[in-house]
Amino acid sequence: MIGQPCSCDTDIKRTVVCRDCDQRLPTCESCFIDAHRNCPTHWAMLWNSEGGYFVRHDISQLAPHRTPGDIYAIQLGRHYGGTCSYPGEAIPFTLVDLNGVHGTRIRFCKCCGAPEKHRQLMQAGFFPGTIARPQTAFTFRLMKHYHIQHLESKISAYDYIGSARRFTDNVFTDLVQDPYATFQRAAQFWGYLTVCKRMGQCHRIDSELPNRPRGNLRLYCPACPEPGFTDLEGSHRLPKALWHLNQSTTTLDGNHHLVKLENTKTSDPMDKSLWDGNAYMPRDSDYKTHLALVSGDGNYSKAEGDCDYLRAVQKQKLHKFKGQEVTGTVNSQCRHVFVLGSADMHGGESHKNSDYTLAMAINMYLGNLQRDENATETASEHPPACVVDRIRSYDLACISSVHLVKRFSDHFPHLVDQIKMIRWAVPAVHVANHKERCQYEFSTAYLEQFGHFFGETCEVIWAEMNQLGPMICQMNAGRRHDTLNDHFGDWNWKKTIKMGLHLSSSIQTAYSLYIEKRDAFCHITVSFGPELVHKWDALSREFQERCAKKDFFSVYRHKTAKVPLQSAILQHLLAEEARRDAVVDSVLPSVAQTPVAFLNEGIAIQDAQYVVSIGDRCSYSYSHRRKCKALIKQDQEQVAAHRTEIENRRNKLTTHIHRWRQSQASFMPRIADKLDQSRAIEVEDEILWLPSDLTVPERTIMKLAGLADQERALREGECFDAISAVRSAVKTLSYSRKDKVDHSHGMKQQTRSLASIAKAEGVRDAHMARYNSAREALISLGYLENGNFDFSILTAKDTYRKNVNAPHQVGDSRCQEAPLFTHVGIRARPSTSHVQNRDPSERDDETGMPAIDGWLIDTSQEGWIWWLKVHKKMSDEEMEAWSEEGDRVQWFRAEVEMLQWQEELERLQAEFLWTIKAYGEMSKVWDHLAAMGFCPGREAYAKKKAAMWMRMGSECEKEMKKSGYQPLQAQESLIGRIEKWRAEEKVKIRELTEGILPCADII
């Protein structure tokens, strides 16, 4: 239709079309302008008759035939696209929309009573770049789109404006005007004004929320108790056992990615934050004043303590912060990962930073407090906090809590009472790097009234926020703080709208795990019997310090310092049988007369069978290993001698097995049918039919339960025996490899060194096979029941150990040091080494990582066998104490696991109720604001917000019901509901424990 007459009944041809409008026909230029008076940012695609193609133009460039006074310009004022009686002069103007940068014209309205220029732009949906003499504006569509994209995908203002310029012209982009500087400033104001509107500051919401600080721009967690806002009936008077129903739980953590570089040439020292300390980042002047005050305070000068983690922190190389004005941030977050406060770090992580962040997190719940200059007033002048318990998780809790009260008394005296309530914990992942004392005193796994909170939630946000690092590192201080505030607020908002779904999923998981842990605890209680359980139950679960011995006591710690070997267990079992069997002349029976001796001899026969089988395979492989003709004769002689020795061993083993079968007939009389199946061509392949060689039904039919228990004890000792031997072999192997590198330079020395290494590897492999064989026997004997298995499978990668005979190697500093013989107990760490199968070599050329027997070993973790402590000599009393000590620790850990999931389940019910009430209260607040006589626009917005919060509360209530729980009914309290449920659980536990715990005081 291009070139045809326009439909306006004129002779003007159709030459322009709009691609931004859907299904728009080509028109003449005049009709295009008339149709787009309310769409001034649509591009006009004007037909170039000479070239035969469309050319993009701004609408202001159309209709050149009109008189100068009749040129097109966007008319502002309340004329809605119509004409103005007193229009201003058409002035060039830059208008940026989603489809590009427009060089257009505008006319301001000069009618009587017309608003200011920036207000006219705002009324038209254009956000001005400046207030006094605006020459650039951005459509509200663009600002909203950028704000969401910036928060969600972390796109920078520079990249966003770059894309707008390319939308304008993707070829000659450099000719398009660049409004980046103006847009950056406009985006900062847009984010601030948006949050002021959403948080109700434009509606004077502070009058409705006296429990929150004035000018507050922080989004509070609805699932945490908020004094004076979400209080539940009776929550102020809780017994200690129910503290978790009204508990403030937060975490602290530092991050060194959100830095600010030193850039004195381009930095603006006068740049201020628009949020002015009313959100998550503190007011810069107040924070700097605090840092100046504490700079000479001895309580802040140096952290005290002997924890390994502290020493690691203090050994940080400060030169890595070179060129950085701000080296990161310290965040405080609640257990639901809502940001409560954040402060900049200058240098390493310090108490002065974490204390200020902690003070911010507490202050936000204390109502309308004055600024820091009036912070000397006492806590009694403020509304009392209704939370009965405060939990704080911090990776430096063991150090930062030492002089915390003194530091707050000097610098935050109005918060001292709140600080004294805090119970400290170290996050579950970080605590493994602390000394043993911290692992029991501050571990989240053993704290009472704590729920199942592992304390690492503060790490979750960094994966998202670290994306801001490259963007904010060169921002001015005020702009940087505003960006962080905006993103922290958006993070909190996304958590708010998903809180119902999160709580629903969490409470269902907590219930299933509580039932599982409860049943497991009851089962283990029955297995240990009333005498031991009543003895253990009388012990205190609290961490106890023993200053005199510089030691501590915890019921969750395996204190016994010795673990027995197979020989020690054997002697212990023999002594027990002697006492039980007290027969002829009160003399200990000989080894051949007892079931334990019979089993021990059978295990020894299996070891001999393995030696014979390995020796036979070695002789074959040895005869085919070398290809040098000069050594063939010598090799043949050695192989012949070796095979003769193997045959002698076979003959002795045959005699030994025949004699042992006679004893087996008396201790296992029903095994005769199985013996016919054990005939083998070679004696080393013959099955002995110990209890571990039988299935559970077969052992039941043959009545071998007692014998199986005794074999289980011997096999456990055999595992420790094998581990000790593997350690010795690995140490020898490590030295042999080091000696080969240092001294083996010729063929002869290389050959001898390889032979030494091969021998050590053979010894190591033999003991590894012995261990794994004993482990398989334990599995066959039911040692995997209830998920309780103390030994991991042992492979070559689990035997890795740093070479202590060599100097420090490159990469050693990145390896986790696992000190030998420091962890006590029978539980082995699961293997965490990662390997890749490859050709054997001493060290990989590319990675520099050692290779062991064809496996490239990841040295980030040492093998778990180096964490296991074993002692050979133990008396009967020590043996009994070791056994009972392990049972006690197992019982208490089963108990605390059950209790923590029970507390978590109860707390999640409280969190559901807090969330529903928080949504409902916010709906009421906005209802009150809507009735305060604001202008129609503000009133409509307040009503919309009230409806939004009401719907969110309704959806959360549906999720609670879907999870199997009901909101509180009239005259019902959460405490009453929990106490009723606990009473039912006590009855259930009493039934499951067969009355061993008749009072079930543990709950």
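Are there trypsin sites (Lys or Arg not before Pro) in segment 234-264 that DSSP marks as loop and that have at most 13 other Cβ atoms within 10 Å, and which are they? Don't skip to the answer; put the middle values down first.
Numbers: sites: Arg237, Lys240, Lys260; in loops: Arg237.
Answer by residue number: Arg237.
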**Item:** Heavy-atom accessible area ranking, 1.4 Å probe, most first, across Val171, Val987
**Value:** Val171, Val987
**Prompt:** Once label points are set 7 Å from the Cα along Cα→Cβ at both Lys240 and Ala665, what is their separation, rounded to one decimal in nm?
**Reply:** 6.7 nm
**Prompt:** Based on the mean of other beta carbon atoms within 10 Å per residue, what is the order of 206-212, 396-402, most packed first?
**Reply:** 396-402, 206-212
**Prompt:** Between Gln966 and Lys988, what FRET efficiency follows from the Cβ-Cβ distance if R0 is 22 Å, with the result rounded to 0.05?
**Reply:** 0.60
**Complete:** The simple spin-label model distance between Leu98 and Asp20, using points 7 Å out along Cα→Cβ, in nm, is 1.1 nm
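With the cut-off at 23 Å, tell me which of the pairs Lys435/Lys517; Lys144/Lys197; Lys498/Lys945; Lys703/Lys988; Lys197/Lys272 have Cα atoms farther apart than that.
Working: Lys435/Lys517 28 Å; Lys144/Lys197 14 Å; Lys498/Lys945 17 Å; Lys703/Lys988 33 Å; Lys197/Lys272 20 Å.
Over 23 Å apart, Cα to Cα: Lys435/Lys517; Lys703/Lys988.
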**Amide H contacts of Lys435 (H built 1.01 Å from N, under 5 Å, at least 5 apart or other chain)** = Asp308, Tyr309
**Item:** Amide H within-cut-off set for Ile106, under 5 Å, with H built and near neighbours excluded
**Value:** Ile74, Ile91, Phe93
**Asked** For segment 887-918 and segment 714-775, what is the separation of their C-alpha centers, rounded to whole Å?
**Response** 48 Å
**Complete:** Sorted on mean Cβ neighbours within 10 Å (highest first), peptides 454-464, 341-351 come out as 341-351, 454-464
**Message:** I'd like the distance between the alpha-carbon centres of segment 382-457 and segment 117-154, rounded to an integer number of Å.
**Reply:** 45 Å
**Burial ranking of peptide ranges 103-111, 128-136 (average Cβ count within 10 Å, highest at the top)** = 103-111, 128-136
**Prompt:** In nm, to one decimal, how far is the modelled label at Glu262 from the one at Val526, with both set 7 Å along Cα→Cβ?
**Reply:** 7.0 nm
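For Tyr610 and Lys924 in the same chain, what is the full-extension length gain: residue separation times 0.36 nm, less their Cα-Cα distance, in nm? Write down the numbers at each step before the final one.
On the way: separation 314, 0.36 × 314 = 113.04 nm, distance 7.90 nm.
Extra length from Tyr610 to Lys924 when fully extended: 105.1 nm.
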**Prompt:** Karplus couplings for segment 222-231 from phi (6.51 cos²θ - 1.76 cosθ + 1.60, θ = phi - 60°), rounded to Hz, Gly and Pro as x?
**Reply:** x, 8, 10, x, 10, x, x, 10, 10, 4
**Asked** Taking H as built 1.01 Å from N, whose amide H comes closer than 5 Å to the amide H of Asp389, not counting residues under 5 places away?
**Response** Ser248
**Request:** Quick one: pull the percent of accessible area on segment 429-525 belonging to carbon and sulfur, 1.4 Å probe, ligands and nucleic acids left out.
**Result:** 55 percent
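Per residue, how large is the accessible surface of segment 431-543? Use a 1.4 angstrom probe and give square angstrom.
On the way: 4610 Å² over 113 residues.
Using a 1.4 Å probe on heavy atoms only, each residue of segment 431-543 averages 41 Å².
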**Request:** Give the distance, in whole Å, between the Cα centre of segment 221-255 and the Cα centre of segment 655-671.
**Result:** 67 Å
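Counting heavy atoms of the protein chains only and a 1.4 Å probe, report the per residue accessible area for segment 130-267 as a whole number of Å². Intermediate values should be presented prior to the final figure.
Working: 6630 Å² over 138 residues.
Per-residue value: 48 Å².
How much length would be gained if the chain were fully extended between Cys8 and Glu89, taking 0.36 nm per residue of separation minus their Cα-Cα distance, in nm to one decimal?
Values: separation 81, 0.36 × 81 = 29.16 nm, distance 2.87 nm.
The Cys8-Glu89 span can extend by a further 26.3 nm.
The values are calculated or read from the model by the stated rules, or taken from the named source; none is laboratory data. Just so it is clear, the structure is predicted and the values come from calculations on it, not from any experiment. Because the Cβ atoms are built from the backbone with ideal geometry, glycine has one as well, and the counts that use them run over all protein chains shown. Heavy atoms of the whole protein, side chains included, go into the accessibility calculation; ligands, DNA and RNA do not. Shrake-Rupley method; radii C 1.70, N 1.55, O 1.52, S 1.80 Å.
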